[in-house]
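The values are calculated or read from the model by the stated rules, or taken from the named source; none is laboratory data. Model, not experiment: these values are computed from the prediction. Every residue, glycine as well, gets a Cβ built from its backbone with ideal geometry; the counts of neighbours run over all protein chains shown. Areas reflect the complete protein model, heavy atoms only, side chains present, ligands, DNA and RNA absent. Shrake-Rupley method; radii C 1.70, N 1.55, O 1.52, S 1.80 Å.
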Amino acid sequence: MSLLEVCISRFKNLRVLVLRKSSFEVLPSSIGSLKHLRYVDLLRNDIIKQLPDSICKLHSLQTLLLGGCSNLERLPKGIRDIISLRFLVVTTKHTCILEKAVGCLESLRTLWIGECENLKCLFEGMEGRLTNLQTLAVGDCPSLTSLSHSIKHLTSLENLMIENCEELSLTDKEENQDLKLSLRLLVIENLPKLENLGVDELQCRLRELLKDKKFLLVLDDVWNDKRKKWIELEDLILGGCNGCKILVTTRNSSVATIMDTTTTYNLKEQPMSLLEACISRFKYLRLLYLGESSFEVLPDSIGTLKHLRYLNLTENHRIKQLPDSICKLHSLQTLLLGGCNNLERLPKGIRDIFSLRFLSVTTKHTCLSEKAVGCLDSLQFLGITNCENLKCLFEGMEEGHLTYLRTLLVFKCPRLTSLSLSIKHLTALETLVIMGCEELSLMEMEGEDNQDLKLSLQKLMIASLPKLEVLPQWLQGSANTLQQLLIVECENLKALPEWLPRLKSLHTLRIGECPKLSSLPEGMEALTVLRLLKIGGCPDLSRKCREEDSHKIAHVPQIELDEDSGSSSSSSEEE
């Protein structure tokens with residue numbers, strides 16, 4: 001939790017916060033200070049029970065994802081104060097979602113309610129609310145018996161999807177003359193009690209709903225190949241106006257034959273043609289997600305998407321190279337290539353993607369040189385992960401490159417032996433994370449003159465570097481700026497450097513699973529702003545800190561040691 005609090009205090013202008021599948025029981029109250037936050041993702045956190053009331057101070061928040069939070073007891077009482085909220089996904093233990101819970105959200109456009117085991121009713125007591133709601137999805141709520149009559153107040157509702165609600169019949173005893181709904185899409189799936197309507201009544205309602213409407217009907221995974229049934233369905237939906245479309249997916253070729261469809265696409269054989277069709281159709285596309293896809297190549301036409309800002313190809317294990325035309329994407333800001341473990345190289349003209357700010361990459365290369373990434377002058381975040389063959393970084397990069405890079409993450413590169421001297425040119429670097437690099441000792445620069453290393457690191461995390469024996473001297477270049485130092489699972493780290501007390505801005509020091517460390521350096525008292533010292537998995541060091549070295553850290557407000565119950569001093573340890 002304290003790491004999250006540190007992040008919140010550090011990144012005041014944060015706009016996106018993803019804590020999916022995390023295990024937080026509570027969120028810190030300080031989350032309410034992130035006044036620029038637009039997007040919060042807590043999906044699949046099955047431990048959290050409630051949100052802090054301070055979350056209601058997030059007046060800029062537009063998206064809140066709480067799906068799969070199966071132990072969430074309630075939404076915060078002041079949720080109406082999240083005045084910009086447009087997209088809400090929620091799972092709750094409540095039996096009823098009342099007007100006070102979501103009905104007060106006047107800006108809400110999309111509401112998804114799912115996997116609510118105890119939920120019995122929706123929108124009870126709501127009148128004249130959610131007037132801007134356009135999409136409502138309700139799924140996997142086995143105890144739900146009523147949507148209540150308040151649904152008639154959702155006058156802007158266009159898309160209604162209800163599925164897997166075993167007790168919901170959708171019948172009521174009220175007259176429906178005053179129901180002025182404007183639905184365009186209706187999906188009903190696995191509502192066994194819906195059969196109580198009777199086929200004739202259901203058909204009548206469907207005809208009335210579709211009359212003079214322009215609609216898209218999707219029939220997914222159709223197996224019935226009896227033409228008579230298809231004709232009956234076709235007669236039922238003929239009331240729509242010109243321009244209506246029916247999209248059918250099937251694993252049975254005879255189904256496509258009996259339907260007399262205009263065009264048939266074999267998705268298994270023609271994924272490329274489908275992607276090319278999408279590219280040609282959506283010229284103003286800004287986001288393209290192809291994560292976990294199986295494309296061996298991308299079409300050259302991708303270079304025509306001149307408005308594209310975000311391209312995600314993560315975990316594509318087949319793609320070997322990107323088309324050179326991708327370098328024409330001058331508006332592209334985020335390119336995610338992590339997990340593309342067969343990617344042989346980055347395109348030669350990558351410097352032409354001059355707006356690129358966020359890049360994560362996995363590659364088969366042995367070296368990422370200046371030509372590969374060093375030429376990206378706008379880059380602010382670089383993540384290099386799971387590169388099995390990578391041996392060196394930034395080889396040949398001279399001063400004046402990557403001058404805006406603020407965060408560098410190097411993760412699971414088992415053959416990496418050198419970061420090269422070029423790291424000294426990363427003068428804007430604030431966060432450096434190096435993890436899981438078994439051959440990296442960080443000592444390749446130790447024979448050089450480090451006086452000109454004018455680094456401005458604020459956070460350094462080193463983890464799982466078994467060849468690390470001492471911290472590198474070049475860290476002294478950040479003596480005035482380094483605020484957080486985390487050292488974890490460095491089994492051969494023998495001692496902390498004598499110059500450690502010169503890090504006069506250091507406020508957080510965490511050391512874990514470094515069993516060969518046995519003492520703190522002299523002069524630790526000079527770290528006057530140190531607020532948190534946490535040591536775990538270092539039994540000798542913890543013992544020394546309690547006994548002989550206790551005077552060195554007596555000024556630190558919060559100390560956590562091996563087999564220690566917690567803080568060693570006053571309750572004013574954290575702001």
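Quick look at the numbers
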| quantity | calculated |
| --- | --- |
| For a label point 7 Å along the Cα-to-beta-carbon line of Arg251, residues of the range 214-235 with backbone N under 13 Å | 221-224 |
| Pairwise label distance in nanometres, Ser23 with Asn389, each label 7 Å out on the Cα-Cβ vector | 3.7 nm |
| Label-point separation, Arg543 to Thr110 (7 Å along Cα→Cβ), nm | 5.7 nm |
| Inter-probe distance in nm under a simple model that places probes 7 Å from Cα toward Cβ, at Glu439 and Glu522 | 4.0 nm |
| Solvent-accessible heavy-atom area per residue, rounded to whole Å², over the range 487-563 at 1.4 Å | 44 Å² |
| Contour minus Cα-Cα distance for Thr145 and Ile258 (0.36 nm per residue) | 36.8 nm |
| Total formal charge among the other residues, if their Cβ is under 9 angstrom from that of Cys327, Lys/Arg +1 and Asp/Glu -1 | +1 |
| Peptide ranges 4-15, 34-45 listed from the most packed, as the mean C-beta count within 10 angstrom indicates | 34-45, 4-15 |
| Contour excess over end-to-end distance, with Cα ends at Val187 and Ile237 and 0.36 nm allotted per residue | 16.5 nm |
